[in-house]
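Scroll down for the structure; my scribbles are underneath it.
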Amino acid sequence: MRPPMGGAHGEKNMGRITTNITVENVSVPGNTITVNALVDTGASYLTFPLAWKEKLGPFGSQHEIELQTATQEIVKGIFCGPVRITVEGFRPVHNDVLFLDMIPDKGQYEPLLGYIVLEQCGVAVDMSEHRLVPIKYMDAKFGWETKGKT
């Protein structure tokens with residue numbers, strides 16, 4: 001694992017945005033990993049290398065899924081949870097983590113923070129400043145008039 005880097009709202013690194021995240025297995029409190037992850041709005045899930053799965057496990061739920069990579073390759077991953085995910089500087093959320101067989105680059109894995117967790121945390125990506133920013137309001141779509149408008 002890489003040592004944590006970056007600030008509360010993401011670190012700018014050659015056009016890449018990274019941020020510290022902490023992931024804790026809800027089924028086994030104390031099984032926690034804190035890493036610096038690449039913010040990838042093209043990825044759906046929080047994605048960790050399969051090599052880290054045992055550090056967080058065992059999980060309450062686990063199942064294998066097929067995914068399509070950015071290079072159109074079909075790969076298998078293991079979806080595990082529930083986990084508590086804290087993106088540094090934002091509110092924690094509960095979701096699952098996807099484990100994929102990854103090849104380390106120069107001995108380092110690159111975990112990905114995908115758009116689903118970003119949206120749950122109320123995070124937007126400011127591309128002009130290459131940083132994470134809080135969303136003022138979450139989306140709420142209703143097909144009818146709502147009472148108690150504020």
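None of the figures in this text is laboratory data; all of them are computed from the coordinates on show. Being a predicted model, the structure only gives us computed values, none of them experimental.
When N is the residue count of the stretch 11-134, what does its C-alpha Rg come to as a fraction of 2.2 N^0.38 Å? That works out to 1.02 for the stretch 11-134. Less than 5 angstrom separates the built amide H of SER27 from those of GLY60, all sequence-distant by 5 or more or on a different chain. Taking amide H atoms as placed 1.01 Å from N in the peptide plane, the amide H of ALA43 lies under 5 Å from those of TYR115, each 5 or more residues away in sequence or on another chain.
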